[in-house]
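Structure, as structure tokens:
The values are calculated or read from the model by the stated rules, or taken from the named source; none is laboratory data. None of these values were measured; they are calculated from a predicted model. Backbone-built Cβ (ideal geometry, glycine too); neighbour counts: all protein chains shown. Remember, those area values only see protein heavy atoms, side chains included, never the ligands or the DNA or RNA. Shrake-Rupley method; radii C 1.70, N 1.55, O 1.52, S 1.80 Å.
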Amino acid sequence: MPLFDLSLEELRAYRSTSAEPEDFDAFWSKTLQEAREHDLDARFEPVDTGLSTVQVYDVTFAGFGGHPVKGWLTLPAGTAQPLPLVVEFVGYGGGRGLPHEHLLWASTGRAHFIMDTRGQGSAWGGGGGTADPVGGAPSYPGFMTRGIDDPENYYYRRVFTDAVRAIEATRSHPLTDASRTVAVGGSQGGGITIAVGGLVPDLAGVAPDVPFLCDFPRAATLTDRHPYREIGLFLKTHRGRTQDVLRTLSYFDGVHFAARGTAPALFSAALEDQTCPPSTVFAAFNAWAHDDKAIEVYDFNDHEGGGPYQEAAKLRWLRAYA
């Protein structure tokens, strides 16, 4: 696919037209306050994986609504002192997978936690194990329109809350250094990373790659690829509800979380990416509030973005922060 979006010069100047709700901060403050009324109940069970260079823990903690959320915490073998912590969020449809799928960050001498995404984990990878016990309203298949009738009911309200609680849970482990916590993720995981960057005020850094869940008004009308296309297909049936849907989505738009970003950030975008169009990524990057920010651009790549080259860029970047 050749370039289909704005030129790079235009991307660097682009600003989203997504309207921020007046009660955005109050909505998220209330949401997180309600979640924290439940005991975090973080449990770390050692797992015999057959891996000799790392120690893996099967983690369970209380996320949104007190619902149990799973993850893997991986530490270099023999860890005795608190380590910098990398918290990772997963792409659309995936789950936490199997421990041996996630060895990069522990290989750098850091602690690594990967969060299961509730209700997902059946589309690719090694699977997931976290249910989403909420829902049932009419929606298009997938996750983008679950509970889209109201911000209180929307699926990503639960996911973003889980993500904040994941950071709180892993920071509670005695071998993680809370002051050196970084959030990372690609695609949906990148969108969750941006949300966490706007909701957790003391992260050491964030690194969202080709992030999803940004600039919904543009994304839903620019690309015909899933998952954004789920929004249009829902509205194709539910005629006349466009403004209501956009209002709900505005509470979860990465652009508005980015405007509250308080940590250094390394983004990445791919100029042929039709799944998460580059203008939607730049909308979040350009809105990111912290002055220390950079974006890696991959001219001739689709949604795979930088792949291993971006992993190498993050390894270099992270040395300054955690």
Self-check item: Pairs, first in contact (Cβ under 8 Å) with a residue 24 or more places away in the chain in segment 116-131, second surrounded by fewer than 19 Cβ atoms within 10 Å (Cβ to Cβ) and of a type in the set (Asp, Glu), C-beta under 9 Å, six or more apart
Solution: GLY125/GLU101; GLY126/GLU101
Exercise. Look at THR193 and say whether it is among the hydroxyl-bearing types (Ser, Thr, Tyr) and open to solvent by 10 Å² or more (accessible area, probe 1.4 Å).
Key: no
Quiz item: Conditions: (1) in a helix (DSSP H, G or I); (2) under 24 Å from GLU20 (Cβ atoms); (3) touching a Phe, Trp or Tyr at 6+ places or on another chain (Cβ under 6 Å). THR170 meets all but one. Number of the miss?
Solution: (2)
Quiz prompt | Test: residue in segment 99-113 that is touching a Lys or Arg at 6+ places or on another chain (Cβ under 7 Å) and either open to solvent by less than 60 Å² (accessible area, probe 1.4 Å) or of a type in the set (A, V, I, L, M, F, W, C) (or both) | solution = no
Quiz item: Out of all the residues in segment 262-285, which are surrounded by fewer than 19 Cβ atoms within 10 Å (Cβ to Cβ) and within 18 Å of the chain's Cα centre (by Cα)?
Solution: THR262
Quiz item: Pick from ASP58, ASP25: which is charged (D, E, K, R) and open to solvent by 40 Å² or more (accessible area, probe 1.4 Å)?
Solution: ASP25
Quiz item: For the subset of segment 115-133 comprising residues that are among the aliphatic types (A, V, I, L, M) and closer than 18 Å to HIS67 by Cβ, which member is surrounded by the fewest Cβ atoms within 10 Å (Cβ to Cβ)?
Solution: ALA131
Practice problem: Scan segment 304-322 and report the pairs whose first residue is within 17 Å of GLU272 (Cα to Cα) and touching a residue at least 24 places away in the same chain (Cβ under 8 Å) and whose second residue is among the small types (Gly, Ala, Ser) and part of a helix (DSSP H, G or I), with Cβ atoms within less than 7 Å and a gap of 6+ or a chain change. | Solution: GLY306/ALA313
Quiz item: Say we look at segment 80-90 and pick out the residues that are buried (at least 24 other Cβ atoms within 10 Å of the Cβ) and of a type outside the set (Asp, Glu); which of these is farthest from PRO174 (Cα to Cα)?
Solution: VAL90
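Which of the following residues is surrounded by fewer than 20 Cβ atoms within 10 Å (Cβ to Cβ), touching a residue at least 24 places away in the same chain (Cβ under 8 Å) and in contact with a helix residue (DSSP H, G or I) (Cβ under 8 Å, 6 or more places away or on another chain): LEU175, LEU233, LEU222, LEU203?
That would be LEU222, the only listed residue that is surrounded by fewer than 20 Cβ atoms within 10 Å (Cβ to Cβ), touching a residue at least 24 places away in the same chain (Cβ under 8 Å) and in contact with a helix residue (DSSP H, G or I) (Cβ under 8 Å, 6 or more places away or on another chain).
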Exercise. Count, please, the residues in segment 102-135 that happen to be in contact with a helix residue (DSSP H, G or I) (Cβ under 9 Å, 6 or more places away or on another chain), of a type in the set (S, T, N, Q) and outside any loop (DSSP other than H, G, I, E, B).
Key: 1
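Right, ALA77: touching a residue at least 60 places away in the same chain (Cβ under 8 Å), open to solvent by 40 Å² or more (accessible area, probe 1.4 Å) and small (Gly, Ala, Ser) or not?
no
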